[in-house]
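Structure record follows, encoded as structure tokens.
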Amino acid sequence: MKFIRTNIPDVILYKPTVFNDDRGYFYEVFKKETFEDFIGFAVDFCQDNEAKSSKGVLRGLHYQLPPFAQSKLVRVVKGKVLDVVVDIRKNSKTFGEKVIVELSEENKYQLFIPKGFAHGYVTLSDDTIFCYKVDAYYNQKSERGILFNDTDLAIDWNFPANELIISEKDKAQVPFKKADLFE
């Protein structure tokens, strides 16, 4: 397995070692000790979530404010997504910067998103299954979001805008400059 720091060093790309043979494949999806050794701190994942989406579904950009902020470890079991992470930590050297990674059932990459980041993705194939671990439970009062097509962030979702399927809630999120961010 290989961990790679992205252009935002706190966001980690995990490329597993996959063992293939005529029966199929095997790989370690998550190994707490190895993962924590690399990132340098303990993460206590408490819940696993799964979402199935049609092609063109955009979910995001979501996050929770402290004390219910969440770290996430995300991956795709079936299909393909364009995964987007935005640094919303006001005092960070990478504030407002983004990481964009394609995650798929073929590459089996995972992305670690620590607290202090907004997260979203668009599905690039039908019947995509997206899975993620979180280290804090959902809290509706601390839930926040940023408008997916915010002009200051200028995210290229790599998908025709007129074909995106977006919830009314995500269409109504606030622009980056008006969002409640991390101090």
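Computed from the coordinates by the stated procedures, all read-outs in this text should not be read as laboratory data. Predicted model only: the values in this text are computed from it and were never measured. Methodologically, a virtual Cβ is constructed for each residue, glycine included, from the backbone with ideal geometry; neighbour enumeration extends over all protein chains shown.
Evaluate region 16-25: report whether one residue or more is touching an Asp or Glu at 6+ places or on another chain (Cβ under 8 Å), part of a strand (DSSP E or B) and surrounded by 11 or more Cβ atoms within 10 Å (Cβ to Cβ). No, because not a single residue in region 16-25 is touching an Asp or Glu at 6+ places or on another chain (Cβ under 8 Å), part of a strand (DSSP E or B) and surrounded by 11 or more Cβ atoms within 10 Å (Cβ to Cβ).
Pairs meeting the criteria (first residue in region 136-158 and surrounded by fewer than 16 Cβ atoms within 10 Å (Cβ to Cβ), second residue part of a loop (DSSP other than H, G, I, E, B) and of a type in the set (A, V, I, L, M, F, W, C), beta carbons under 6 Å, at least 6 apart or on different chains) are Asn139/Phe68.
With respect to (1) within 24 Å of Phe45 (Cβ to Cβ); (2) surrounded by fewer than 20 Cβ atoms within 10 Å (Cβ to Cβ), the lone exception for Val84 is condition (2).
Just one of the listed residues (Ser125, Ser54, Ser104) is under 28 Å from Lys169 (Cβ atoms), in contact with a strand residue (DSSP E or B) (Cβ under 9 Å, 6 or more places away or on another chain) and surrounded by fewer than 13 Cβ atoms within 10 Å (Cβ to Cβ), and it is Ser54. For region 41-74, enumerate the residues that are in a strand (DSSP E or B), closer than 21 Å to Ile88 by Cβ and either of a type in the set (Lys, Arg) or free of Cβ contacts under 8 Å to residues at least 12 places away in the same chain (or both). Within region 41-74, Arg59, Lys72 meet the criteria. Within the set Phe38, Phe3, Phe30, Phe117, the sole residue that is in contact (Cβ under 8 Å) with a residue 12 or more places away in the chain and within 22 Å of Lys169 (Cα to Cα) turns out to be Phe117.
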